[in-house]
Amino acid sequence: MASKSSPSEHTKPDDPEMVIRALTPSITIFSMPFARHGVLHFGLRCTAVRLRTGSLAIISACPLTPTVLNTLTQLAPDPTNRSVPNVRYLIAPDIEHHIHLGQWKEAFPSAHILAPEGLREKRAKMGFPDANTPYAHVWKGGPEKRTEEGKYGSVIPQEFKDEIDVEYFEYHDNKDIAFLHKPDGGTLIEADLWFNLPGYEQYSHTNPKVDPSSGAFTKAALCFIRGPKITPEGRVVPGSATGHRRFAWYVLGKQNRPAYAESVKIVSGWEFKRIVPCHGEVVEDGPVGGTAKAAWDEVYAWFFDLKE
């Protein structure tokens, strides 16, 4: 019988520009530069969530490198082999953030893949060799999406349900899912629902140094996906994200604004003290409190009254 491979056999070389930070006792983020279409300084972020049981959920997987592997092993070692991390869930938060999914599945073959509808078909068209890999759960639209079956299916264990809530934005072009990790005051984790550019942390280790707000295409994009202004006390400045509001209204929610608004309001009703976006700066509550929720609401203000 062939011996079982080690996750280390599936790693890629370390990226010296990756920034690794423990955000909370149970969440570690992996931030790195990324230029969309080679010209737009978007940045990327992978989020690792350790559940109370010791299982790891990886949201928007980054390249798996030796340093990433070692960091995760320290965060949550596998109880049966403490030299490797206990990766149980590989989550694609939409149909765009999935490129490294296959690498992680090869390294952790028993991990559950969770993804939105359409991703398997997209990966097949793109030529990925894992088109027949089973998914533990596929988020789908329709009236059942907010039931327990719609959120978690029949395979996802209780440990995941106890700590992570989900809201599927079925009318987002990228089929995005918002995730709420409930411990530590609550953390909203999302991919392409809420941007907070420029991504200074994601570009902080670039060599040679890159200004994430530089370049004509980036400057143009910042008119529409710059995050709201936040004072040192943690107050969100009203009206400071008008460009992002327009982008959310005319682009993100354009397919079905009333249905999109329902999802926006559900996320707004969650309890969270920080937002971890895939693109741009993490937002955490300041001294006055309520910063993260106010930042979400500032961008989506028009959806609360369906402004026409």
Q | Cβ-Cβ under 9 Å pairs, at least 6 apart or on other chains, segment 1-29 side modelled with pLDDT of 95 or more, far side of a type in the set (Phe, Trp, Tyr) and part of a strand (DSSP E or B) | A | MET18/PHE30; VAL19/PHE30; ILE20/PHE30; ARG21/PHE30
Q | Count of residues meeting criterion [over 22 Å from VAL283 (Cα atoms) and of a type outside the set (D, E, K, R)] in segment 221-260 | A | 8
Q.
I need the full set of residues from segment 235-278 which are surrounded by 20 or more Cβ atoms within 10 Å (Cβ to Cβ) and under 14 Å from LEU188 (Cβ atoms), in order please.
A. SER263, VAL264, VAL267, PHE272, ARG274, ILE275, VAL276, PRO277, CYS278
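Any residue that is β-branched (Val, Ile, Thr), over 26 Å from GLY150 (Cα atoms) and out of contact with any strand residue (DSSP E or B) (no Cβ under 8 Å at 6 or more places or on another chain) - is there at least one of those in segment 224-242? Spell out the reasoning first.
Taking segment 224-242 and keeping what is β-branched (Val, Ile, Thr), we get 225, 230-231, 236-237, 242.
Okay, now just the ones that are also over 26 Å from GLY150 (Cα atoms), so 225, 230-231, 236-237, 242.
When the remaining residues are screened for being out of contact with any strand residue (DSSP E or B) (no Cβ under 8 Å at 6 or more places or on another chain), the result is 231, 242.
Yes - at least one qualifying residue is present in segment 224-242.
The values are calculated or read from the model by the stated rules, or taken from the named source; none is laboratory data. Keep in mind that what you see is a predicted model, and the values were worked out from it rather than measured. Cβ coordinates were reconstructed from backbone atoms using ideal geometry, including for glycine residues, and neighbour counts include every protein chain displayed.
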